[in-house]
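What follows is one structure encoded as structure tokens, with my remarks underneath.
The values are calculated or read from the model by the stated rules, or taken from the named source; none is laboratory data. Please read these numbers as outputs of a predicted model, since none were measured by experiment. Cβ placement follows ideal geometry from the backbone for every residue including glycine, while neighbour counts extend to all protein chains displayed.
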Amino acid sequence: MKPFFVVNPHSANGATRRLFLDAEPLIRSALPAMRYAFTTAPMHAAELAERAALDGADVVVAVGGDGTLNEVVGGLLASGRTAETSLAMLPSGTGGDFRRVAGFPREPERIARYLVEAERRAIDWGMLEFVDPNGRERQRPFLNIASLGISGVVDKFVNSTSKALGGRVSFLVGTVRGMLNYKNVPIRVTVDGMPFFDGPTNLVAIANGQYFGGGMRVAPDARLDDGLFDVVVFEDLTKLEFLGLASVIYDGRHLGRPKVRVTRGTVVQVEAVGDALIDLDGEQVGRAPVRATMHAGSVFALLPRKG
């Protein structure tokens, strides 16, 4: 095996660098052909992943949080070698939401054995078209969840403050601050060409994975390999209603409650009257309007064997 580790040394409030360097001798003893590089700037992880795939790495391991994983996926897709190069992750970030579904080990000493024993499985990904903070049209792939509304405001607070207390606490504090600052925005949601919702909205989640926001199970029925997005809309919630809903989102018991709508589809368009900020795999990348398109089964990940 020839793994390449893309390490974000700034994730987990800077702890990832030390965590990886402490574990590197143990990983290398089990996988002598391993290579690694540290990221030095935003989107550098994508460049490193693309180069590693083109240079013949058979697996690229994202070492960091969901944002690092998002960039690595983008790099693998840009390389055109997703059939030859698998994806894996050593989670060490603030949210850690994708690993909750994927099952990646959190302990560095387990990663070498995991890479050797895991099953290579095809999973889905989405392409998000959106408007960046400078008003330019952009597109980014995502593995987990793209959302709009209060989640984008929460991201701004979480990513602009220290994360020393850990992911869950950081997102809880960010969620409270977001709730106090966010006003529901009129949003129109269309799924596979059919109108789904139109009105004041607290949140729209376009989900391939189940979790976001440091462990909130916003889309508990979403699957990584079913070829569909789960689209979850929180309607015109008051602040008290949102607080009541937040208390049950962590275990996915919010579906079926008043002002919560769910559907599935492969193409999701969201238009907003006003400023609806985006949360893309834990990063605040821009604003509506957005278009998300499903790409089924064209990324290969090393995941725990079933059964």
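Of the residues making up the stretch 201-232, those that are at pLDDT below 95 and more than 18 Å from Ala102 (Cβ to Cβ) are Thr201, Asn202, Leu203.
Of the numbered conditions (1) over 21 Å from the mean Cα position of the chain (by Cα); (2) closer than 30 Å to Arg113 by Cα; (3) modelled with pLDDT of 95 or more, Glu235 fails exactly one; give the number of that condition. With (1) over 21 Å from the mean Cα position of the chain (by Cα); (2) closer than 30 Å to Arg113 by Cα; (3) modelled with pLDDT of 95 or more applied to Glu235, the lone miss is (2). Residue under question is Thr68, and the condition is that it be among the polar types (S, T, N, Q), over 17 Å from the mean Cα position of the chain (by Cα) and either assigned to a loop (DSSP other than H, G, I, E, B) or under 21 Å from Leu143 (Cβ atoms) (or both); does it hold? For Thr68, the condition - among the polar types (S, T, N, Q), over 17 Å from the mean Cα position of the chain (by Cα) and either assigned to a loop (DSSP other than H, G, I, E, B) or under 21 Å from Leu143 (Cβ atoms) (or both) - is not met. Output yes when any residue across the stretch 223-241 is hydroxyl-bearing (Ser, Thr, Tyr) and either buried (at least 16 other Cβ atoms within 10 Å of the Cβ) or touching a residue at least 60 places away in the same chain (Cβ under 8 Å) (or both), and no when none is. Taking every residue of the stretch 223-241 in turn, none turns out to be hydroxyl-bearing (Ser, Thr, Tyr) and either buried (at least 16 other Cβ atoms within 10 Å of the Cβ) or touching a residue at least 60 places away in the same chain (Cβ under 8 Å) (or both). Count of the stretch 11-25 residues, restricted to those that are touching a residue at least 12 places away in the same chain (Cβ under 8 Å) and assigned to a helix (DSSP H, G or I), is 10. Looking only at residues in the stretch 103-113 that are touching a residue at least 12 places away in the same chain (Cβ under 8 Å) and over 21 Å from the mean Cα position of the chain (by Cα), the one that is farthest from Glu24 (Cα to Cα) is Arg113. The residues of the stretch 26-59 that are small (Gly, Ala, Ser) and outside any helix (DSSP H, G or I), listed by number, are Ala33, Ala37, Ala41, Gly56, Ala57.
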